[in-house]
1. Roughly how many percent of the accessible protein surface of the stretch 1-80 is carbon and sulfur, given a 1.4 Å probe and a whole-percent answer?
2. Add -39500 (n - 2.57) for each DSSP H run of 4 or more in the chain, then divide by its residues: what number comes out at 222 nm, to the nearest 500 deg cm²/dmol?
3. Over the chain, what is the mean sequence separation of C-alpha contacts under 8 Å (at least six apart), divided by residue count, expressed as relative contact order in percent?
4. Residue by residue through the stretch 143-157, what is 3J(HN,Hα) from phi via Karplus (6.51 cos²θ - 1.76 cosθ + 1.60, θ = phi - 60°)? Round to whole Hz and write x for glycine and proline.
5. With each label point set 7 Å from Cα along the Cα-Cβ vector, what nm distance links Ser156 and Arg26?
6. Can you give me the pair-distance distribution of the stretch 251-326, C-alpha pairs, 5 Å bins, whole percents?
7. With every protein chain kept in place and ligands, DNA and RNA left out, what is the accessible area per residue of the stretch 148-264? Probe 1.4 Å, answer in Å².
8. Could you work out the relative contact order of the stretch 124-271? I mean the mean sequence separation of Cα pairs under 8 Å and 6+ apart, divided by the number of residues, in percent.
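The values are calculated or read from the model by the stated rules, or taken from the named source; none is laboratory data. From a predicted model like this one, the values you see are computed outputs, not experimental measurements. A quick note on method: Cβ atoms are made from the backbone with ideal geometry, for glycine too, and the neighbour counts reach across all protein chains shown. Keep in mind that these areas ignore ligands, DNA and RNA; they rest on the heavy atoms of the full protein, side chains included. Shrake-Rupley method; radii C 1.70, N 1.55, O 1.52, S 1.80 Å.
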Amino acid sequence: MAVIDRLFARAFRRGLLTVVHPDGSRRTFGEPDPELPSATIRLSRGAAAAILRDPGLGLAEAFMDGRLTIEQGDIMGVLTLAMANSPWEANDTLLLPGPLRRSVDAIGHRLGRINMRRQAKRNVAHHYDLSDRLYDLFLDADRQYSCAYFSDPANSLEQAQADKKAHIAAKLAIEPGMRVLDIGCGWGGMALYLHAKTGADVTGITLSEEQLKVARRRAAEAGVSDHVRFELIDYRDVAGRFDRIVSVGMFEHVGPPNYRTFFARCRELMTPQGVMLIHTIGRLGKPGVTDRFTSKYIFPGGYIPALSEIARGYEGMRYFLTDVEVLRLHYGITLQHWYDRTVAAREAIVDLYDARFYRMWTFYLAGACLSFRYGGMANYQLQFSRARDTLPITRDYMIDAERALRQDG
């Protein structure tokens, strides 16, 4: 107990955390802070040792397995206390694993993010082939499983996701009849939106069989299957030429060893006047390592790139990087909506899977939310063109087009 108490004493200074040890003794750490919640956790035998061995994964698995229970507050509150006490900009490393663990993680990370074709499909299936019912319980009606765009933080999730699609469509400067490739099309919402708003022919590609079935069904129900097509195919195997390429929330699954392959292939797929927009989660700092909880339970093979790594992927390929936008807080707000909806759907998710899965999912959403609120994550939108004169020389066209798309509903 003395060792874990020292860790808690160093880590929790703002806000109150009460810890109930297996012998029933209680310790309180930190000081009251009106900006932070208070929380009480109870540790059973073995939980403290797991947290000391690997703070991130140990805490997650203790919570998932019921060896750490929350008597006051919830997992969002507990993780808020942890992360608010160590914000990214303060460069505090108290809760990071030691040098040996970091070395082992780095080796495993390099192996895991190679993302060869067969492994890439398995990795996608691990997450995106979960029950449709699960995603219906916490996403918006269009199943946008990526960062929304909050022109006003008070907007609903549905409004913010519609605004995200308008924001991206405006940057693509699509004209009627253009051919558009949507890499990592999810359940088809973006592809269907782009066709409906611009008259473009859109091809969406995915490695998820469950997403493919839903996307094709949606296109058929909308009567647009001749103009919005969906295929189960790796981006490396796509044929043809496209006027526009869009990729939302897929670049995180490419893996740094494949960045140059990705950009080279996309350039081959673009017409000489082609434009591409990539929307990805990104690190605010230097390259890092995917945390072990995420690698093990949520996104095996996934990796959040630093901006420098993305740049190394396309440098020397004669791309014009025509626009970069950093969305700092938008995903944190999005994830808070997803977390709240997940909590509200607790009974349905437990019936669908079990209580351990529910705890895992809330830990994932809470931790992800706080990584944008206090950690070193943001979203990047990067726009590329093959020709220097394809797009207007100011950003006014984006603003005008976005305003028109929103007014159109």
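1. Numbers: 1960 of 3740 Å².
Taking all protein chains in place, the stretch 1-80 shows 52 percent carbon and sulfur surface.
2. Values: 16 runs with 182 residues, N = 409.
Computed mean residue ellipticity for the chain: -13500 deg cm²/dmol.
3. On the way: 715 pairs, mean separation 70.4, N = 409.
For the chain, the relative contact order is 17 percent.
4. For the stretch 143-157, the Karplus curve yields 6, 7, 9, 7, 4, 7, 10, 9, 5, 9, x, 7, 5, 5, 4 Hz.
5. With each label point 7 Å from Cα toward Cβ, the separation is 4.2 nm.
6. In order of increasing distance, the bins hold 3, 14, 24, 25, 17, 9, 6, 2, 0 percent.
7. Working: 4110 Å² over 117 residues.
Value returned for the stretch 148-264: 35 Å² of accessible area per residue.
8. For the stretch 124-271, the relative contact order is 23 percent.
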